Amino acid sequence: MIPGFTQRRRFSDLSDQEILALAIASEEDDASIYRTYAEQLREEFPDTAMVFEDMAKEEDAHRRRLISVHERRFGSTIPLIRREHVSGFYARRPVWLTQNLGLERIREEAEMMERDAEQFYLRAAAQSTDSATRELLGDLAAAEAGHTALAGGAVKAHLDEEARDREGRTAHRQFVLTWVQPGLAGLMDGSVSTLAPIFATAFATQDTWTTFIVGLAASVGAGISMGFTEAASDDGAISGRGSPLKRGIASGVMTAVGGLGHALPYLIPHFWTATIISMIVVFVELWAIAWIQKKYMDTPFFRAAFQVVLGGALVFAAGVLIGSG
């Protein structure tokens, strides 16, 4: 016997009563998921929250219809059978993972839920041997197919063009505050602050492996430091900058990336080849920082480039002078 498979039922082995019970449990779960979406979005995206409230009400209506048919055919005692009890049955993403999804991704998740439910009812209707149950399941398949249209109607009712633009601006602002700003700060710190130790070591030793080790240590250490500093500096509750964990990850990872960019070329054993490539990487990093500032921070490109390149050049020169001396 294979562990883990013996405890699950095959869908083809389910009776009509078990299929109805599975459908009831699934509709209840989906309504709960939609209400969770609505609660998560209510503060920042109230219009979309109303859409998910309407979708939850639709799932409740489906569940009541299923319960009514079950009581008429099998009585009021509904067997306990859920998605996880059926082999190969579609699964839902754990609710807590939706906290990390963007607005459009949550909407796509809801559309996928509707398609899954439609396919379930089509398959269940094809399997049922009872004409009344087959008719019910076919009706529910059509209802789930039409649910997307109903959701679209709810979107039109609650999300006019102005509301969608407003929510889009809010989502963009949150993305910038949570990911772009900490990531940009980390990239700037990693790209600029590691220039001095890396190039000082390079010109002092002219040993590429030693330079790489110093660059690796400086990049990883700076990444850890920046990540913890960003996460601990603000819990986001008042500032609205979002999850400290997300900001810490963005800042820490980008700090390490910024330093590793011009440390990795020193894996090349030839000193001047590695140094020239590293200088080119530094140039690309600094211009990338200026581009990000222009795109997301509305900083004039040439002003951003002047500030970043000037600062980087000064740190680079300091590293070379110290190492050469």
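Of the helices (runs of 4 or more DSSP H) lying entirely inside segment 217-325, the ones with 1 or more residues being farther than 15 Å from G186 by Cβ are found at 271-297, 301-324. In segment 191-200 there is at least one residue matching the filter, namely being at pLDDT below 90 and within 28 Å of the chain's Cα centre (by Cα).
Residues of segment 289-325 that are among the hydrophobic types (A, V, I, L, M, F, W, C) and surrounded by 16 or more Cβ atoms within 10 Å (Cβ to Cβ): I289, A290, I292, A304, A305, V308, V309, V315, F316, V320.
Out of curiosity, is I106 β-branched (V, I, T) and at pLDDT 80 or above? Taking the combined requirement at face value, the residue does not satisfy it.
Going by what's in this entry, would A38 be described as over 28 Å from G138 (Cβ atoms), out of contact with any Leu (no Cβ under 9 Å at 6 or more places or on another chain) and among the hydrophobic types (A, V, I, L, M, F, W, C)? The answer is yes for A38. What is the one condition in (1) in contact with a Gly (Cβ under 7 Å, 6 or more places away or on another chain); (2) over 21 Å from A250 (Cα atoms); (3) modelled with pLDDT of 90 or more that D207 does not satisfy? Answer for D207: the failing condition is (1).
Residues are listed down the side, and each one gets a yes or a no for (1) out of contact with any Asp or Glu (no Cβ under 6 Å at 6 or more places or on another chain); (2) surrounded by fewer than 12 Cβ atoms within 10 Å (Cβ to Cβ); (3) at pLDDT 85 or above:
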site: A25; (1), (2), (3): yes, no, yes
site: T36; (1), (2), (3): yes, no, yes
site: K57; (1), (2), (3): yes, no, yes
site: I78; (1), (2), (3): yes, no, yes
site: A91; (1), (2), (3): yes, yes, no
site: V95; (1), (2), (3): yes, no, no
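The values are calculated or read from the model by the stated rules, or taken from the named source; none is laboratory data. Because the structure is a prediction, the values reported are computed rather than measured. We place every Cβ from the backbone using ideal geometry, glycine too, and count neighbours over all the protein chains shown.
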